[in-house]
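Below: the structure, in structure tokens.
The values are calculated or read from the model by the stated rules, or taken from the named source; none is laboratory data. As the structure is a prediction and not an experimental result, all values here were calculated from the model. Glycine also receives a Cβ, built like all others from the backbone with ideal geometry; neighbour counts cover every protein chain displayed. Side chains included, ligands, DNA and RNA excluded: accessible areas come from the protein's heavy atoms. Shrake-Rupley method; radii C 1.70, N 1.55, O 1.52, S 1.80 Å.
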Amino acid sequence: MDDIVKKINELYNSPDGLSGGYGHIVFDDHNIETKHIEWCIEQAEDNNYNFCEETRQKSIVALKAMMLLSEQERQEVINKSFDVRYSR
């Protein structure tokens, strides 16, 4: 799961990623259900909000990685990524 935490934090460190990029509603708002993650992936793949390409790609990578986890694991990863981002 540490690898997924790293992917999320790489997203937040990308040029347009400070707000979570296409994964904002998952990573910041804790909408961890599969339907929300799938929706975010779809938005990113369609480039609906014109984030830069790096942020778009990092959003897709982080969101697809989240799909591999249970909801409990998703919440743990989000909490851990938040702790890493804000403990600096």
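Sum up the charges of everything whose Cβ sits under 10 Å from the Cβ of Tyr49, counting Lys and Arg as +1 and Asp and Glu as -1, but leave Tyr49 out.
Surrounding charge for Tyr49 is -1.
Give, as ranges by residue number, the residues of the stretch 45-88 whose backbone N falls under 11 Å from the point 7 Å along Cα→Cβ of Met1.
Output list for this probe position: 69-81.
Consider the candidate values [x] 44, 26, 20; [y] 36, 29, 18; [z] 30, 29, 20; state which one is Cα extents along the principal axes in Å computed from the structure displayed.
[z]
Using a cut-off of 14 Å between beta-carbons, work out the net charge of the residues near Ile37 (Lys and Arg +1, Asp and Glu -1, Ile37 not included).
Residues close to Ile37 contribute a combined charge of -4.
What ³J(HN,Hα) values, in whole Hz, does the Karplus curve 6.51 cos²θ - 1.76 cosθ + 1.60 give for the stretch 22-36 when θ = phi - 60°, with x put for Gly and Pro?
6, x, 3, 5, 8, 6, 9, 9, 6, 8, 9, 5, 4, 4, 6
Considering the zone a paramagnetic label at Asn13 would reach in this model (a point 7 Å from Cα along the Cα-to-Cβ line), which residues of the stretch 68-82 have amide N under 20 Å from it?
So the set is 77-82.
At 1.4 Å probe size, with every protein chain present, just tell me what the per residue accessible area of the chain comes to in Å².
With all protein chains present, the chain gives 56 Å² per residue.
Report in % the part of the accessible area of the chain that belongs to carbon and sulfur, leaving out ligands and nucleic acids; probe 1.4 Å.
49
Rounded to whole Hz and in sequence order, give me ³J(HN,Hα) for the stretch 50-57 from the Karplus expression 6.51 cos²θ - 1.76 cosθ + 1.60, θ = phi - 60°, writing x for Gly and Pro.
Karplus values, whole Hz, x for Gly and Pro: 6, 5, 4, 4, 4, 5, 4, 5.
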